[in-house]
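One structure below.
The values are calculated or read from the model by the stated rules, or taken from the named source; none is laboratory data. Since we're looking at a predicted model, the values are computed, not measured. No Cβ is skipped: glycine too gets one built from the backbone with ideal geometry, and neighbour counts run over all protein chains shown. Heads up: the accessible areas ignore ligands, DNA and RNA and are worked out on the full protein's heavy atoms, side chains in. Shrake-Rupley method; radii C 1.70, N 1.55, O 1.52, S 1.80 Å.
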Amino acid sequence: MIQTHSKDFWRATLALCIGSVMVFSNLYITQPLLPQLTEVFDIDSLQATLSLSVATLSLGGALLLFGPLSDAFGRRVIIHTTLVLLCLTTLATAFVTDYHTLLILRGLQGVFIAGLPAAAMAYMGEEFEPQGLLLAVGLYIGANSLGGVSGRLISGLAAAEWGWSSSFLVLAGFDLLCVALVIWLLPASSRFQPKPFTPSPVIHGLATHLRNPLILAACFVGGLNFMIFVNQYSYITFVLAAEPFRLSSSWLGMLFLTYLSGTLAAAVSGRLVRNRSQPIAMGVGIVLFMCGSLMTLNQQLFWIVSGLFINALGFFFTHSLAAGWVAGHAKRSRGSAISLYLMFYYAGATLGGFYLEPFWRWLAWSGVVAASLLILIVTLGLSLWLVRFEKAQATVWESEPTQQTDSVA
């Protein structure tokens, strides 16, 4: 296995982080453009958010395909192929002239974005020694947030200067550089064992994971938290684009620099909880997320931005731990388990706009915060349930160490 802190460890981690920055830059590129899209294409707020929802929906569905495909054909093949196709699709999107075509291409982007997240954590789970897995996953998820910042920042700045379509053109050039670096840096798999790509084992693997309450609970934690987190940013752009703030697309793009606190939280999460309870740490992250959401109710820009920093800190801290929990508790068909987690994750992003829209129409931003707290109470309860399991498991291991060792072997 790849030893922690070895040359191959850092090459592989850097390659996957660069790929992560690339794909998540593409996923969130339209978010700072939402007010601009409503004007250019004469659409309402819900229709504008479809430019994000369509991508996350197709991403979630494609994960169910690329996870098993990576189990059959290899992680690197899936990663390299989908990154190249994503670069080409982003370039094509720069030249669309109607909103329906934009939505179609955004759907294709979501499909190709799915390749890297479906294969990356499975690659790490197979190739890295256990001591390095949490560190690598934390850095990789930190790169997810950095990608979200990069895409939105590039998008907002380019759109302010040259119009919304230029955002896709600039990002396509960035994508090309990232693809070249990933192909060069990512080491070949040494522990991958291909499995035949047939429907029966795929369905059986997914069914097995769905029957595992430990994996399922973590999937709901990640999916429901993300449903709130990413869609809060969509609605806050409408708040800040209107009176009294009147922020331009370039300033709205800079708003997503608040993700950087999430980058830091995800990167250090593995080290902070190395000898501590992961579910308790998840709960701490959710409580931070709740506090940050409440801070945004103060209608001063300083408090809104501060609340978003805390939201990102809490959300990505919990997300990195939930993803690591799934990777660590999937004893077989790991690619399918990671795909299942990410399917819940992006299904949450897709459904979040539909869930929050009625609250937005009813009470504006106050309604969005109230709806957010309802969901976060649920995910906090799920984290506390996992704490109970962890304590029960520890008791079993203490009372039957020999039997448990044999079972794991």
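List of remarks:
- Per-region count, the stretch 218-231, residues closer than 18 Å to residue 310 by Cβ and either at pLDDT 95 or above or within 12 Å of the chain's Cα centre (by Cα) (or both): 5
- The residues on offer are 118, 122, and the sole one that is in a helix (DSSP H, G or I) and either at pLDDT 85 or above or touching a Phe, Trp or Tyr at 6+ places or on another chain (Cβ under 8 Å) (or both) is 118.
- Scanning the stretch 259-283 for residues that are part of a helix (DSSP H, G or I), more than 19 Å from residue 143 (Cα to Cα) and open to solvent by 60 Å² or more (accessible area, probe 1.4 Å) yields a total of 1.
- Search result, residues across the stretch 112-128 that are more than 17 Å from residue 147 (Cα to Cα) and open to solvent by 10 Å² or more (accessible area, probe 1.4 Å): 125, 126
- A single entry from 294, 321 fulfils the requirement of being open to solvent by 60 Å² or more (accessible area, probe 1.4 Å), in contact (Cβ under 8 Å) with a residue 12 or more places away in the chain, part of a helix (DSSP H, G or I) and not basic (Lys, Arg): 294.
Quick grid of which residues meet (1) crowded, with 17+ Cβ neighbours inside 10 Å; (2) within 22 Å of residue 349 (Cα to Cα):
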| site | (1), (2) |
| --- | --- |
| 20 | yes, yes |
| 29 | yes, yes |
| 33 | yes, yes |
| 42 | no, no |
| 57 | yes, yes |
| 64 | yes, yes |
| 75 | yes, no |
| 96 | no, no |
| 108 | yes, yes |
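- Taken together, 54, 21, 77, 84 contain a single residue that is farther than 23 Å from residue 149 by Cα and of a type outside the set (S, T, N, Q), which is 77.
- Some residue of the stretch 236-250 being part of a helix (DSSP H, G or I), open to solvent by 10 Å² or more (accessible area, probe 1.4 Å), in contact with a helix residue (DSSP H, G or I) (Cβ under 8 Å, 6 or more places away or on another chain) and modelled with pLDDT under 85: yes
- A single entry from 315, 302, 289, 256 fulfils the requirement of being open to solvent by less than 10 Å² (accessible area, probe 1.4 Å) and either within 30 Å of residue 65 (Cα to Cα) or without any contact (Cβ under 8 Å) to a residue 40 or more places away in the chain (or both): 315.
- Residues in the stretch 147-191 that are outside any helix (DSSP H, G or I) and either among the small types (Gly, Ala, Ser) or under 12 Å from residue 94 (Cα atoms) (or both): 163, 188, 189, 190.
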